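Readers should treat all values here as calculations from the given coordinates under stated rules, not as data from a laboratory. Note that the coordinates shown come from a computational prediction; the quantities given were computed from them, not determined experimentally. Glycine gets a Cβ as well: all are built from the backbone with ideal geometry, and neighbour counts include every protein chain shown.
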Amino acid sequence: MFITFEGIDGSGKSTQARLLAEALRADGLDVVLTREPGGSPGAEEIRRLVLEGDPDRWSPETEILLFTAARRDHLERTIAPALAAGRIVICDRFADSTRMYQGLSRGDLRGLVDQLHALMIGREPDLTFLVDIDPTVGLARAKGRQGTEERFEDMGLAMQERMRAGFLALAREFATRFRLVNGARPTEDVAAEILSLTRAALA
Ligand code: ADP
Ligand code: TYD
């Protein structure tokens, strides 16, 4: 089972991905917790290229190539071997993030994202949690974190609103694998709902 978490910055994806991994491990399951961009040594190197430095360093098209290159390496080295060994893979962001961030934020490049995905990745998750949150709340949470990886958080409120709407539309487009979860609740409540939805999907 390949499970992904999606949503705007600060929605609580990383927190929920970690809690789900811990809960499933407590059930005795073998879980790999990973993230994008990154999740393999090569992809973590690409992460630094895309998330640090001048925001205009890459054209939108080059950015799609870099995120897809990172994903391909992550898939080859981490995700596919784990799934083949019967392990559960939980990933913080995956191709849906490229569909939204690279597909929507600087012109309409969704078609290009999908073409490259079909050519180079060709795999969707079995289950995707969309952690939905008001961007004002998400941004406030995200700003509380320290670090040098700021560029997509710096997009501002209007763009985050578009991303939120885009993710909700994506959840309707891929209705079979998406589960919409309200992230504006206490962490434990969100985690309990996600765990029960995962157990139902595993059963
Ligand atoms: P994301 O990975 O979606 O950007 P994180 O899981 O890193 O989000 O959470 C962003 C910040 O908000 C963190 O400081 C985290 O501790 C906090 N946080 C996460 N979930 C909740 C929640 N349900 N309520 C309040 N704060 C939260
Ligand atoms: P992440 O570390 O998940 O950030 P956050 O915890 O703030 O949500 O992801 C880093 C940034 O990378 C995030 O702003 C979204 C962006 N991103 C893309 O633009 N395209 C992609 O394909 C992926 C996976 C992430």
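Given R₀ = 35 Å, what would the calculated FRET efficiency be for GLU76 paired with ASP27, taking r from the Cβ atoms and rounding to 0.05?
The pair GLU76/ASP27 has a calculated efficiency of 0.80.
Determine the relative contact order of the chain: mean sequence separation of Cα pairs under 8 Å and six or more apart, normalised by residue count, in whole percent.
32 percent
Compute the Cα gyration tensor for the stretch 73-203, then decide on rounded, prolate or oblate, letting a ≥ b ≥ c be the square roots of its eigenvalues: rounded whenever a/c is under 1.5, prolate when a/b is larger than b/c in the other cases, and oblate in all that remain.
Taking the square roots of the gyration eigenvalues as a ≥ b ≥ c, the stretch 73-203 is oblate.
Give me the distance in nm between label points sitting 7 Å out from Cα along the Cα-to-Cβ direction at ARG141 and GLU44, one decimal.
2.5 nm
According to a simple spin-label model (label point 7 Å from Cα along Cα-to-Cβ), what is the distance in nm between LEU197 and ARG162?
Spacing of the two 7 Å Cα→Cβ label points: 2.6 nm.
Can you sort SER40, SER105 so the residue with the fewest Cβ neighbours within 10 Å comes first?
With the sparsest Cβ surroundings first, the list reads SER105, SER40.
Dipole of the chain (Lys/Arg Cβ +1, Asp/Glu Cβ -1, origin at the Cα centre): which of ALA184, GLY156, ALA142 lies farthest to the positive side?
So the residue furthest toward the plus end is ALA184.
Please give the contour-minus-distance gain from THR187 to LEU65: 0.36 nm per residue of separation, less the Cα-Cα distance, rounded to one decimal in nm.
Difference between extended and current length: 40.5 nm.
Provide MET163, MET155 in ascending order of the number of other Cβ atoms located within 10 Å of each residue's Cβ, fewest first.
Going from sparsest to densest Cβ surroundings: MET155, MET163.
What FRET efficiency comes out for PHE174 versus GLN115 if R0 is 25 angstrom and r is the Cβ-Cβ distance? Round to the nearest 0.05.
Efficiency at R0 = 25 Å is approximately 0.90.
Counting Lys and Arg as +1 and Asp and Glu as -1, each charge on the Cβ, what is the dipole of the chain about the Cα centre in debye, to the nearest 20?
The dipole magnitude comes to about 280 debye.
Rounded, prolate or oblate: which one fits the stretch 1-145, using the alpha carbon gyration tensor with axes a ≥ b ≥ c (rounded when a/c is under 1.5, else prolate when a/b beats b/c, else oblate)?
Taking the square roots of the gyration eigenvalues as a ≥ b ≥ c, the stretch 1-145 is oblate.
Among HIS117, HIS74, rank each residue by its count of other Cβ atoms within 10 Å, from fewest to most, as a rough exposure measure.
HIS117, HIS74
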